[in-house]
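The values are calculated or read from the model by the stated rules, or taken from the named source; none is laboratory data. These numbers come from a predicted model, not from an experiment. Here the Cβ is made from the backbone with ideal geometry for all residues, glycine too, and neighbour counts use every protein chain on show.
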Amino acid sequence: MTAPRGRRAPRFSLSLFAACSVVGLLQCGAQRAGLPVRAAPSPAALRGSEASVSHSVHVALGTPRDGDPSDEYFLDQSSFVLSYSPEKRVPNWVAWQLDRTYLGQLRRRNQFRSDRGLPARFYRVNENDYLHSGYDRGHMCPSADRQASRQDNARTFLFTNIEPQLHELNAGPWEKLESYSRRLAQRGSQLFVVAGGIFGTPFETIGNGVAVPTANFKIIVVLSSGQGPRDVNERTPVLAVLMPNRRGVGDHDWTEYLTSVDAVERASGYDFLSAIPEHVQRVIEARTASL
């Protein structure tokens, strides 16, 4: 049986095979690993709600939450999941799983386009919003993290996965961290990643009200293939960064922006890694990784 996109089918002993029906084989293995089981598509009534993404493997370590869900519209893009801000017209956060099965040799095509999956009542960001703005179209889930499938790769160019970034951030430390993450995946690690923006009050905008972040954050939990939230412990490697979206950022290496998950939570207002036991969260979220 072929595993659903985003995780591999586990190996089963004969005794385990006897305990699981052919139809239930994959679900049984996913439950053993502590990963969510992909259910049938959410009904229309759940569209845009947290429940519409909570089944996804990409938020296996917990769906990020803040104290005010009024500016969040949740989208499951299959390749990744996200919370979109209709007010800011950018994602609040984007979450994705990364392992070597997502990596490939597809040639990048800059297929930036509006997301037709948004309700018609929302403004749909387009190319004109970035034209002559001085900002790059900065991917949250990178194109190169989804190069095994043309469809997966194309989804990364939806503007619901994009935030305005200065070129020296986008092509500098932000990209260097992306490359580092892919090297970990190539070596056999399984990563759970969430990225998004930090915004001022009021926030700067470009185009038709597209918010510009003052900084971007990323949190990366590094596990082995097939592991899930039950396998996270006090020694699990966790990387967290806060990178300023301002002039001069390109003069620095990404490691200079390492911080703690706690610091990202304070800056963003979101709670992360909620599926991990609290006593483990306290340890790994307070720690700043050293490389």
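Go through segment 247-282 and count every residue that is in a helix (DSSP H, G or I) and either out of contact with any Lys or Arg (no Cβ under 8 Å at 6 or more places or on another chain) or closer than 14 Å to Glu234 by Cβ (or both).
Residues that pass the stated criteria total 19.
Taking Ala195 as the residue in question, decide whether it is part of a loop (DSSP other than H, G, I, E, B), among the aliphatic types (A, V, I, L, M) and either more than 24 Å from Arg113 (Cα to Cα) or touching a Phe, Trp or Tyr at 6+ places or on another chain (Cβ under 7 Å) (or both).
It is false that Ala195 is part of a loop (DSSP other than H, G, I, E, B), among the aliphatic types (A, V, I, L, M) and either more than 24 Å from Arg113 (Cα to Cα) or touching a Phe, Trp or Tyr at 6+ places or on another chain (Cβ under 7 Å) (or both).
For segment 243-291, enumerate the residues that are among the basic types (Lys, Arg) and over 26 Å from Tyr135 (Cβ atoms).
The answer is Arg282, Arg287.
Determine whether segment 165-174 contains at least one residue that is of a type in the set (S, T, N, Q), in a helix (DSSP H, G or I) and closer than 17 Å to Ala215 by Cα.
Yes, segment 165-174 contains at least one residue that is of a type in the set (S, T, N, Q), in a helix (DSSP H, G or I) and closer than 17 Å to Ala215 by Cα.
Would you kindly identify the strands (runs of 3 or more DSSP E) lying entirely within segment 47-149 that contain at least 1 residues that are under 30 Å from Pro277 (Cβ atoms)?
73-76, 81-85, 90-98
Of the conditions (1) assigned to a helix (DSSP H, G or I); (2) over 22 Å from His55 (Cα atoms), Asp152 fails just one. Which one is it?
Unmet for Asp152, out of (1) assigned to a helix (DSSP H, G or I); (2) over 22 Å from His55 (Cα atoms): (2).
Among (1) under 23 Å from Gln97 (Cα atoms); (2) touching a residue at least 60 places away in the same chain (Cβ under 8 Å), where does Arg235 come up short?
The failed condition is (2).
Is segment 231-238 home to any residue that is assigned by TED's automatic domain parsing to the domain that holds Thr63, acidic (Asp, Glu) and more than 21 Å from the chain's Cα centre (by Cα)?
So in segment 231-238, the residues assigned by TED's automatic domain parsing to the domain that holds Thr63 come out as 231-238.
Next, only the ones that are acidic (Asp, Glu) stay: 231, 234.
Within this subset, residues satisfying the condition of being more than 21 Å from the chain's Cα centre (by Cα) are 234.
Checked against the condition, which is being assigned by TED's automatic domain parsing to the domain that holds Thr63, acidic (Asp, Glu) and more than 21 Å from the chain's Cα centre (by Cα), segment 231-238 yields at least one hit.
Is there a residue in segment 119-129 that is surrounded by fewer than 19 Cβ atoms within 10 Å (Cβ to Cβ), under 15 Å from Ile162 (Cβ atoms), touching a residue at least 60 places away in the same chain (Cβ under 8 Å) and over 16 Å from the mean Cα position of the chain (by Cα)?
Yes, segment 119-129 has at least one match.
Under 9 Å between Cβ atoms, at least 6 apart or on separate chains: pull out the pairs that start in segment 273-284 with a residue that is at positive phi and crowded, with 16+ Cβ neighbours inside 10 Å and end on any residue that is at pLDDT below 95 and assigned to a helix (DSSP H, G or I).
Leu273/Pro229
From the list Val232, Val249, exactly one residue is out of contact with any Gly (no Cβ under 7 Å at 6 or more places or on another chain), surrounded by 16 or more Cβ atoms within 10 Å (Cβ to Cβ) and among the aliphatic types (A, V, I, L, M). Which is it?
Step by step, each of Val232, Val249 is checked, and only Val232 is out of contact with any Gly (no Cβ under 7 Å at 6 or more places or on another chain), surrounded by 16 or more Cβ atoms within 10 Å (Cβ to Cβ) and among the aliphatic types (A, V, I, L, M).
Residues being without any contact (Cβ under 8 Å) to a residue 60 or more places away in the chain and under 15 Å from Arg246 (Cα atoms): count how many of those fall in segment 175-204.
Counting residues in segment 175-204 that are without any contact (Cβ under 8 Å) to a residue 60 or more places away in the chain and under 15 Å from Arg246 (Cα atoms) gives 2.
Looking at (1) crowded, with 16+ Cβ neighbours inside 10 Å; (2) outside any helix (DSSP H, G or I), which is the one condition that is false for Glu178?
Failed condition: (2).
Does at least one position in segment 211-220 carry a residue that is within 19 Å of the chain's Cα centre (by Cα), in contact (Cβ under 8 Å) with a residue 60 or more places away in the chain, surrounded by 19 or more Cβ atoms within 10 Å (Cβ to Cβ) and farther than 23 Å from His132 by Cα?
no
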